[in-house]
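Structure first, then comments.
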Amino acid sequence: MARTSDILVIGGGIAGLSAAAELSKNARVTVLEAEEQAGFHSSGRSATMLHYALGDRLVRALTLASRSFFEEVPTAFGDVPLARRMPVLIHAREEERHALDALHADIAPFAELDRLDAAQVHRLCPLLREDARHGIADWNGLRLDPHAMLQANLRVLRANDGELHTGAGAASIERIGGTWQVRTEAGETFAGAILVNAAGAWADQVAQLAGVAPVGLQPKRRTIITFDAPPGTDLEHLPFAKTVNDELYFAPESGRLFASPMDEIPSDPCDAQADEMEVALAAWRMEERTVVRVDRIHSRWAGLRTFTPDGHPAVGFAPDAERFFWLAGQGGFGLQTSPAMARIAASLIMQAAWPVADVAEEDLGPARFLRKAA
Ligand SMILES: Cc1cc2nc3c(=O)[nH]c(=O)nc-3n(C[C@H](O)[C@H](O)[C@H](O)COP(=O)(O)OP(=O)(O)OC[C@H]3O[C@@H](n4cnc5c(N)ncnc54)[C@H](O)[C@@H]3O)c2cc1C
C-alpha cells in the first residue's frame, strides 16, 4: 500500500527541507532522504557563509532576498539563531587590484562595502602576509548554522503534519494514473501528485529514474581542512578572509581555523572524500598567503557543489513530464539562497505570487537546458 501525500520531495538536504517546510503550509508533504540523517551530503559539509563574492548578479539577488530570513527568523522556525555576524574580507595583492575593483563594483549594489588600505586590511586580519595590500570589507557577512537551519525547517514541516523519512532512497519512480509513485530501496512505496527533485548531486540521476531528461548537472568537489591558529590569535574577531581570485578562503572554526583551496574537481555524485592533493594545496596556499604555519591538520573533509551548465539553479516544472519539479544546481550558494529558493519553489507549485522581484522565472526554469539540447 502506498503512503500518499500531496507532494513528495526527494532529498533531505537544505534544498529539499526548506522547500518542504514552505510547501507544508498549504499541502501535505513527505520528504524522502536516502541517508540515515538529513544534511549528510553537501548541506552538512559547507563553509557555512553568506557573502556576495559568490556567483553572479542572479546569485547575489537570491542571496539578498534570503538575508532577512536569517536575521529575523520567523517564529514558526523556532528560537535558535540560524546565523551570526562575521565580517567578510576580500583581499588582493598589488597586481590583483583590478580584479578587486571589478568585484567591488559587482557587489556594491547588494551590500554596503568599505574599501580598505593595507593598514586596514592587516588590522582586520593580522594573519595575512604583507603582500595583501588592498581589501573590501562587508561588515555584515553572516556565518550560517546549517544544522540549526535543517532542524528549523524540519520543525515547520512536522508542525504542518509533514514527514521526513530517512533511509528512504528512491529506487524507482513512475507516473501512474496521475500520481508519482516512488519505491524506496527498503521496499516502501510513497505516492504524491507532485514530485520535487531536490536530490543535490544526484538530481540528474533521479530525473532519469523518473524518465525525465537530465539538465546536465556537474558536481564539483571542494575540500576543507582545519588546523590550529598561532598562539594568541584573537579568533573571535577574525573575518572570513578570501583572496580576490578563487584561490583560498579561511575563517575561525570551533577554536581553530578552517581553510579551503577553493578546488573545483569534477566528480560523479558520491560520498565525497578529501583528496591528499587538495589537502596539501590548502595548507600550502594558507602558508603562502598568511603567516600561519600548518604543522598539523586537525580534520579534513570534502563535499560536492553541483552546477547546471550556466551556473544558475534549475527551479521549475520539467517541460517534458507532468508535475515533476526541479530544485537543483545550487552550486556553492545553496545554504545562503535557500530561503528565497524555497519561496520561489512554493510560489510556482502553489501558483502564488512570484516572491523575488529581481529574479525572473525564465532565468531559473529547467526548460532553458532542454531548448539548448534540442
Ligand atoms: C566545501 C563546500 C563549501 C560550501 N560553502 C558554502 C557557503 O559558504 N555558503 C553556501 O550558501 N553554500 C555553500 N556550499 C554549497 C551548499 O552546501 C550546497 O549548495 C547545498 O548544501 C546544496 O543543498 P542540496 O539540498 O541541494 O544538496 P544535499 O545537501 O547534497 O542534499 C541532497 C540530498 O538528496 C539525497 N538523495 C540523493 N539521491 C536520493 C534518492 N535517490 N532518494 C532519496 N534521497 C536522495 C542525498 O542523500 C542528499 O542528502 C558549499 C558546499 C561545499 C561542498
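Take residue 272 and decide whether it is farther than 30 Å from residue 105 by Cα, in contact with a Pro (Cβ under 9 Å, 6 or more places away or on another chain), small (Gly, Ala, Ser) and not in a helix (DSSP H, G or I). Steps first, please.
Details: farther than 30 Å from residue 105 by Cα: yes; in contact with a Pro (Cβ under 9 Å, 6 or more places away or on another chain): yes; small (Gly, Ala, Ser): yes; not in a helix (DSSP H, G or I): yes.
Yes.
Taking only the stretch 205-239 into account, find how many residues are under 17 Å from residue 8 (Cα atoms) and either open to solvent by less than 40 Å² (accessible area, probe 1.4 Å) or at pLDDT below 95 (or both). Break it down into steps so the answer makes sense when it comes.
Taking the stretch 205-239 as the starting set, the residues that turn out to be under 17 Å from residue 8 (Cα atoms) are 205-212.
Now narrow it down to the ones that are either open to solvent by less than 40 Å² (accessible area, probe 1.4 Å) or at pLDDT below 95 (or both): 206-207, 210, 212.
Residues that pass the stated criteria total 4.
With a cut-off of at least 2 residues that are more than 16 Å from the ligand (Cβ to nearest atom), farther than 18 Å from residue 355 by Cβ and open to solvent by 40 Å² or more (accessible area, probe 1.4 Å), name the strands (runs of 3 or more DSSP E) lying wholly within the stretch 43-119. Please lay out each step first, then the result.
Numbers: elements: 83-85, 88-92, 114-116.
Of the strands (runs of 3 or more DSSP E) lying wholly inside the stretch 43-119, those with at least 2 residues that are more than 16 Å from the ligand (Cβ to nearest atom), farther than 18 Å from residue 355 by Cβ and open to solvent by 40 Å² or more (accessible area, probe 1.4 Å) span 114-116.
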Looking at (1) surrounded by fewer than 24 Cβ atoms within 10 Å (Cβ to Cβ); (2) of a type outside the set (Gly, Ala, Ser); (3) not in a loop (DSSP other than H, G, I, E, B), can you tell me which one residue 36 breaks?
(3)
Where residues in the stretch 1-20 are in contact with a Phe, Trp or Tyr (Cβ under 8 Å, 6 or more places away or on another chain) and of a type in the set (A, V, I, L, M, F, W, C), which of them is nearest to the ligand (Cβ to nearest atom)?
8
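Which residues, counting only those in the stretch 172-181, are more than 13 Å from residue 212 (Cβ to Cβ) and not in a loop (DSSP other than H, G, I, E, B)? Don't jump to the end; show me each part of the working.
Just the residues of the stretch 172-181 that are more than 13 Å from residue 212 (Cβ to Cβ), to begin with: 172, 176-179, 181.
Hits for the stretch 172-181 are 172, 176, 179, 181.
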What is the number of the single condition among (1) open to solvent by less than 40 Å² (accessible area, probe 1.4 Å); (2) within 30 Å of residue 262 (Cα to Cα); (3) touching a Leu at 6+ places or on another chain (Cβ under 9 Å) that residue 321 does not meet?
(2)
Filter pass, residue 123 being free of Cβ contacts under 8 Å to residues at least 24 places away in the same chain, open to solvent by 10 Å² or more (accessible area, probe 1.4 Å) and part of a strand (DSSP E or B):
no
May I ask you to list the residues in the stretch 259-299 that are within 11 Å of the ligand (Cβ to nearest atom) and open to solvent by 60 Å² or more (accessible area, probe 1.4 Å)?
264, 271
With (1) in contact with a helix residue (DSSP H, G or I) (Cβ under 6 Å, 6 or more places away or on another chain); (2) over 30 Å from residue 230 (Cβ atoms); (3) aliphatic (A, V, I, L, M) as the list, and residue 132 as the residue in question, which single condition is left unmet?
(2)
Six or more apart or on different chains, Cβ atoms under 6 Å: show the pairs whose first residue is in the stretch 7-19 and in contact (Cβ under 8 Å) with a residue 24 or more places away in the chain and farther than 9 Å from residue 33 by Cβ and whose second is more than 6 Å from the ligand (Cβ to nearest atom) and assigned to a loop (DSSP other than H, G, I, E, B).
7/27
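The values are calculated or read from the model by the stated rules, or taken from the named source; none is laboratory data. Model, not experiment: these values are computed from the prediction. A quick note on method: Cβ atoms are made from the backbone with ideal geometry, for glycine too, and the neighbour counts reach across all protein chains shown. The area values use the complete protein model at the heavy-atom level, side chains included, leaving out ligands, DNA and RNA. Shrake-Rupley method; radii C 1.70, N 1.55, O 1.52, S 1.80 Å.
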